[in-house]
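Worksheet: the structure to be examined is printed underneath.
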Amino acid sequence: INDFSYLHTNCFELSIYVGCDKYPHESELPEEWENNRESLIVFMEQVHRGIKGIVKDVHGKGIPNAVISVEGVNHDIRTGT
């Protein structure tokens, strides 16, 4: 569903697997956290990269359904309502 959401709803969803066992035992979770903590935190910090903002008209009102294109990126997005 991640690809569908990104392509058709502008919602970027992720599934992250940090090991081969999809459902590790509860006793293994602290070790899995320690093994992956730093990389997951650095990954989450990446949310602050890129372009972000609010699309407004000359009166400061939001523009619903405006198309946003980035040169070199083959995926336009639209603002919300």
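The values are calculated or read from the model by the stated rules, or taken from the named source; none is laboratory data. Predicted model, so just to flag it, every value in this text is computed and none were measured. We place every Cβ from the backbone using ideal geometry, glycine too, and count neighbours over all the protein chains shown. For the accessible areas, the whole protein counts, side chains as well, though only heavy atoms, and no ligand, DNA or RNA atoms are used. Shrake-Rupley method; radii C 1.70, N 1.55, O 1.52, S 1.80 Å.
Figures for the structure shown
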| read-out | value |
| --- | --- |
| Tabulated pairs, the range 9-27, first without any contact (Cβ under 8 Å) to a residue 24 or more places away in the chain, second among the hydrophobic types (A, V, I, L, M, F, W, C) and exposed (fewer than 10 other Cβ atoms within 10 Å of the Cβ), C-beta under 8 angstrom, 6+ apart or interchain | GLU13/ILE1 |
| Filtered residues of the range 15-28 (kept if open to solvent by less than 90 Å² (accessible area, probe 1.4 Å) and either modelled with pLDDT of 90 or more or in contact with a Pro (Cβ under 8 Å, 6 or more places away or on another chain) (or both)) | SER27, GLU28 |
| Condition broken by HIS59, with the remaining ones in (1) part of a helix (DSSP H, G or I); (2) modelled with pLDDT of 95 or more satisfied | (1) |
| Residues of the range 54-72 that turn out to be open to solvent by less than 70 Å² (accessible area, probe 1.4 Å) and free of Cβ contacts under 8 Å to residues at least 12 places away in the same chain, as a count | 2 |
| Cβ pairs under 8 Å, 6+ apart, first in the range 30-50 and without any contact (Cβ under 8 Å) to a residue 24 or more places away in the chain, second small (Gly, Ala, Ser) | GLU32/GLY19 |
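A quick yes/no check of all residues on (1) modelled with pLDDT under 90; (2) of a type in the set (Gly, Ala, Ser); (3) open to solvent by less than 70 Å² (accessible area, probe 1.4 Å):
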| site | (1), (2), (3) |
| --- | --- |
| ASN2 | yes, no, yes |
| THR9 | yes, no, no |
| PRO30 | no, no, no |
| GLU45 | no, no, no |
| LYS52 | yes, no, no |
